[in-house]
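Peer 1: A single structure is presented below for examination.
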Amino acid sequence: MFKKLLAALLAFLAMSVFAAVDVNKATQAELDGVKGIGPAIASHIVAARAKGPFKDWQDLISRTSGIGEKSAAKLSAAGLTVNGQTFNGAAPAAVAAKKGKAEPAVQATAPAPAAQAKPETAKEAKAKQAAAKKEKAAAEPKASAAAHAAAKKEKHAKKADKAASGA
């Protein structure tokens, strides 16, 4: 019984914490309590609402400075509603028409032709091969020298072990 009562109490508290705040009914303090709305934006909302209630999210965005499409989406996620509605975003054409701008047409572009590689001459090919051989030859002595040094170390280590075990 106690667990059920505790669960119900926690559910009530959770719902009250995330309760929606309607922009047309909230006081300035309640608006300020919504994450993302500070005192300045709350006062802008109250001043714009004094001229008449907001009809929808687009009306709120157009009449309130400091609130755009992105911030409206964030505020809606934080619990702000307009006439009980959450922000769903506007159709891009409607926003462009409202601002008096036409949307640019999307044009499909053909892929750029691949740059053709310049064919190698026989002389250039031979020069590349010679450079590769030279590089390989320069690397081999270093590798063989390193292998020789490692073998020498191993031989000395074996001698030292033999001497230590024999003494």
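The values are calculated or read from the model by the stated rules, or taken from the named source; none is laboratory data. These figures come from a predicted structure and were not determined experimentally. Counting neighbours? That spans all protein chains shown, and the Cβs are built from the backbone with ideal geometry, glycine included. The area values use the complete protein model at the heavy-atom level, side chains included, leaving out ligands, DNA and RNA. Shrake-Rupley method; radii C 1.70, N 1.55, O 1.52, S 1.80 Å.
Peer 1: Residues of the range 126-148 being at pLDDT below 70 and open to solvent by 100 Å² or more (accessible area, probe 1.4 Å), which ones?
Peer 2: Glu140, Lys142
Peer 1: I've got another one for you. Would you say Ala96 is open to solvent by less than 40 Å² (accessible area, probe 1.4 Å) and either at pLDDT below 90 or aromatic (Phe, Trp, Tyr) (or both)?
Peer 2: So Ala96 passes the test.
Peer 1: Another question about this same structure. Does any residue of the range 73-89 turn out to be farther than 30 Å from Lys35 by Cβ, modelled with pLDDT under 85 and out of contact with any His (no Cβ under 8 Å at 6 or more places or on another chain)?
Peer 2: no
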